[in-house]
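The structure under discussion appears below in the form of structure tokens.
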Amino acid sequence: MAYPKLLPARLVATFVLAVATFAPSPAFAGPTLDKIRERGAVKVGVGTQPGFFSPDSSGRWQGFFVDIGRALAIAVFNDPDKVEFVSASPQQRLPALQSGEFDILLSGVTETITRALQLGFHFGPVVFYDGQGLLVPKKLGVTSGKDLDGATVCIQTGTTGELNISDFFRANKIAFKPVAIEDTREFIKAFEAGRCDVMTQDASDLGLKRALLKTPEDYVLLPERISKEPLAPAIRWGDDRWLEIVNWTVYALIQSEELGITSQNVDEKLASPDPSIRRFLGVDPSLGAATQLDPKFAYAIVKALGNYGEIFERNVGPATKIGFERGLNRPWTAGGLLYAPPFR
Amino acid sequence: MSRTADAGRRLWAGLFGTWGNTAITLVALAALAWALPPMLRWMVLDATWAGGPEACAARDGACWAFIAAKLRFILFGFYPFAEQWRAAGALALVLLMLGVSAWPRVWSAKLLVAWIAALAVACLLLRGWPGVAAVETSRWGGLPLSLLMSIGALGGAFPLAIALALGRRSELPVVRWLCLGFIELARGVPLIAVLYAATLVLPLALPPGVSFDTLLSVQIAITLFFSAYLAEIIRAGLQSIPDSQFEATAALGFGPWQALRLVILPQALRAVAPALVTLAIGVLQSTSLVAAVGIFDLLNAARAAASDPAWLGFYDEAFVFAGAVYFALCFAASRYSLWLERRRN
């Protein structure tokens with residue numbers, strides 16, 4: 001054998017050199033907000049789900065969570081386009097946030113105690129109260145999950161939905177027959193073919209499934225939710241000011257709806273004599289000076305994107321194909337859970 | 001005339017010559033009769049070729065208008081819309097190079113240099129240069145990305161694979177065991193696990209504040225992964241070269257490196273060229289797994305295109321289109337491999 005005795009060292013060296021050229025360079029050390037200012041854009045982790053985050057035909061991100069990301073860009077830069085959306089799959093989104101790949105995760109993460117204290121994430125205000133829902137054909141004539149005695153229930157396997165639904169029926173002492181289906185398409189086909197009376201999953205997902213059915217208008221999402229899925233923006237620990245900017249950006253969206261300020265009437269409201277509206281919109285600039293935010297950040301957000309209600313209706317509301325009812329996602333003054341602390 | 005008749009007779013004999021052949025022919029015809037008409041109806045007769053989502057909703061067939069509306073997104077992903085001429089340029093350059101390289105007469109060291117230059121230009125086109133908008137790698141996507149990742153993986157894996165193949169046959173046990181260990185480890189884990197490790201574990205292992213480009217770490221992971229497979233193919237090629245050739249080169253006064261570069265490797269690689277093409281097809285198809293780590297290659301971009309609420313639910317069309325593009329590329333590659341083999345014999 002006359003093969004060379006050693007590894008072809010020159011080839012290896014070339015490869016190692018090529019790798020070393022791209023070796024990690026230390027990013028700017030310091031809090032997230034400094035990094036955002038230096039970069040000139042907020043980096044937002046998102047998923048892909050119609051109505052919540054999806055690209056339009058020109059590749060521009062749109063959707064409910066996307067608009068909240070744009071609101072943050074307005075709060076920091078007064079420009080809804082100074083934001084980069086980074087797609088993250090459900091498995092990698094939390095580690096990616098932890099490793100600093102984006103500044104905030106707005107991909108519909110449920111706030112839980114383990115994610116807060118074990119994994120070490122801060123959550124901003126809940127922006128979307130989701131929960132497992134029940135989709136039924138209208139012809140069944142039921143108005144509550146408790147009427148579903150003996151029903152056949154379609155569940156997508158491998159989700160916590162399986163556990164929630166059996167807990168729900170057991171707690172209510174109702175008999176039911178589960179049908180577990182893995183594939184989304186098959187799930188829809190089984191439901192259309194009448195193989196099951198009920199389809200159960202996170203309500204936001206069910207809205208979409210309903211839209212994919214041949215005759216969506218023949219089905220109705222029951223009002224009750226059998227699990228709690230509060231979706232909130234997540235950030236890393238150690239960025240106090242960034243957390244507060246996230247908090248108050250969301251509160252500004254909620255507060256503007258409560259005050260009746262919309263993208264249509266925001267300019268008229270500037271002339272309002274109401275001191276709380278004047279403070280909120282920055283006509284009275286004292287809040288801006290005190291908080292070191294642009295005094296008109298709330299005005300700019302509402303002007304560009306609308307209030308919480310407008311963002312909701314535009315992306316996922318009953319008029320859209322997602323067809324999601326406001327439910328808990330209404331201001332507290334209208335019987336919902338959205339409640340912003342005072343802007344003063 | 002007689003030759004046509006002869007061919008016709010042979011075809012008849014092949015289809016209906018025996019009872020067995022007749023049965024197989026009839027079953028195949030029945031399967032086609034069962035599958036083709038609905039497919040034809042969906043794909044052509046009932047299809048909508050132009051218009052908006054409302055036009056598609058009114059008909060039962062495929063909605064090719066969706067593909068027309070989403071073509072640029074599917075092909076280029078999130079690459080900035082106004083700058084997509086650059087992505088198109090990179091795609092054209094890579095396709096051109098692939099076309100030129102298919103011609104065995106141009107295989108030389110110059111071609112290698114041309115490829116490195118072409119890849120550098122393609123990356124520069126995508127990334128941007130002073131004077132045009134810089135586009136971060138996180139926004140690269142679609143077909144140019146799928147092709148560049150595949151070619152980058154194969155090209156980068158080549159030197160490493162040759163090293164591994166030689167190292168595996170080395171007389172030094174440490175080198176041999178290291179190479180063997182790497183090859184078996186890489187071939188023993190699924191690519192998806194390697195991708196997760198590269199994008200999830202690596203950032204956690206780095207000191208805080210240090211970040212590593214996701215696309216680059218994915219590219220390195222794919223390259224390392226396929227270098228193991230490539231190494232085994234190259235080893236097969238090396239084994240096909242008789243030892244006497246080495247003795248002959250030694251007698252002519254060649255050093256071992258010279259012999260390897262000028263005599264052994266050219267023959268070894270030529271011997272395994274069809275296997276290399278097969279691996280290339282496998283690499284191209286495997287790049288679609290990067291969707292799992294949030295990269296919008298062709299397939300993932302097609303899927304994301306169907307999540308636009310304005311065009312909700314045209315997943316079938318999106319996947320059929322992406323499948324057609326993959327099929328065109330892979331079919332061309334496999335026919336090419338056949339041609340290469342026939343030409344060699």
### Task
For every helix of n ≥ 4 consecutive DSSP H residues, a contribution of -39,500 (n - 2.57) applies; sum these over chain A, divide by its total residues, and give [θ] at 222 nm rounded to the nearest 500 deg cm²/dmol.
-10500 deg cm²/dmol
### Query
Within the accessible area of the range B:192-336, what % is carbon and sulfur when the probe is 1.4 Å and the other protein chains stay in place?
69 percent
### Task
Could you pull out every residue, at least 5 positions away or on a different chain, whose amide H is within less than 5 Å of the one on A:Val86? Hs are placed 1.01 Å off N in the peptide plane, and Pro or chain starts have none.
A:Val44, A:Gly45, A:Val46
### Message
Which one, A:Ser227, A:Ser87, A:Ser272, has the greatest fluctuation when you compute a Gaussian network model over chain A with C-alpha springs under 10 angstrom?
### Response
A:Ser272
### Summary
Nearest-0.05 FRET efficiency for B:Leu216 and B:Ala5 at R0 = 45 Å, using Cβ-Cβ distance, is 0.10
### ³J(HN,Hα), Karplus 6.51/-1.76/1.60, whole Hz, each residue of the range B:226-239, x for Gly, Pro
7, 4, 5, 5, 5, 4, 5, 5, 5, 4, 4, x, 4, 5
### Query
Taking the Cα-to-Cβ direction at B:Leu45 and at A:Glu162 and moving 7 Å from each Cα, how far apart do the two end points lie in nm?
4.2 nm
### Query
Given a Förster distance of 30 angstrom, what is the FRET efficiency for A:Glu182 paired with A:Thr215, based on the Cβ-Cβ distance and rounded to 0.05?
0.75
### Query
In the structure shown, do any of A:Lys209/A:Lys303; A:Lys82/B:Lys70; A:Lys82/A:Lys296; A:Lys228/B:Lys70 have a Cα-Cα gap over 29 Å, and if so which?
A:Lys209/A:Lys303; A:Lys228/B:Lys70
## Note on the structure
For the range A:113-123, in residue order, the Karplus 3J(HN,Hα) values (coefficients 6.51, -1.76, 1.60; θ = phi - 60°; whole Hz; Gly and Pro = x) are 5, 5, 5, 6, 9, 8, 8, x, 10, 8, 10
### Task
Leaving ligands, DNA and RNA out of it, report the carbon-plus-sulfur percent of the accessible area of the range A:193-251 at a 1.4 Å probe.
51 percent
### Query
If each of B:Val106 and A:Asp240 carries a label point 7 Å out from its Cα toward its Cβ, how far apart are those two points in nm?
6.3 nm
#### Entry: Length added when fully stretched, B:Ala310-B:Thr18, from 0.36 nm per residue minus Cα-Cα
99.5 nm
### Message
Report the per residue volume, in Å³, of the convex hull enclosing the C-alpha atoms of the range A:113-216.
### Response
129 Å³
### Task
For A:Val220, list long-range residues whose amide hydrogen, built 1.01 Å from N in the peptide plane, is under 5 Å from its own amide hydrogen.
A:Val136, A:Lys138
### Message
How shielded is A:91-100 by partner chains, expressed as the average number of their Cβ atoms within 10 Å of its Cβ atoms?
### Response
5
#### Entry: the protein assembly as shown - Kirkwood radius from inverse mean 1/r over Cα pairs (Å)
29.1 Å
### Task
Mind giving me the FRET efficiency for A:Thr112 and A:Ala171? R0 is 22 Å, r the Cβ-Cβ distance, nearest 0.05 is fine.
0.60
### Under Karplus coefficients 6.51, -1.76 and 1.60, residue-wise ³J(HN,Hα) of the range B:328-341 in Hz, glycine/proline x
4, 5, 6, 5, 4, 5, 6, 4, 4, 4, 4, 4, 4, 5
### Query
Who wins for biggest fluctuation among B:Phe73, B:Phe321, B:Phe81 in a Gaussian network model of chain B, springs between alpha carbons below 10 Å?
B:Phe81
### Task
Within 10 Å of each Cβ in peptide B:169-179, how many partner chain Cβ atoms are there on average? Round it to a whole number, please.
2
### Task
Return the value, in Å² to the nearest 100, of accessible area buried between chains B and A (probe 1.4 Å, both sides summed).
4300 Å²
#### Entry: Sparsely packed GluC sites (Glu not before Pro) within the range A:103-198, loop by DSSP, other Cβ within 10 Å at most 16
A:Glu182
### Query
Once amide H atoms are built 1.01 Å from N in the peptide plane, which residues 5 or more positions from B:Ala47, or in another chain, come under 5 Å H to H?
B:Ala62
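The values are calculated or read from the model by the stated rules, or taken from the named source; none is laboratory data. Just so you know, these numbers come straight off a predicted model, no measurement behind them. Neighbour counts run over all protein chains shown; Cβ positions are idealised from the backbone, glycine included. For accessibility, only protein heavy atoms count, side chains too; no ligands or nucleic acids. Shrake-Rupley method; radii C 1.70, N 1.55, O 1.52, S 1.80 Å.
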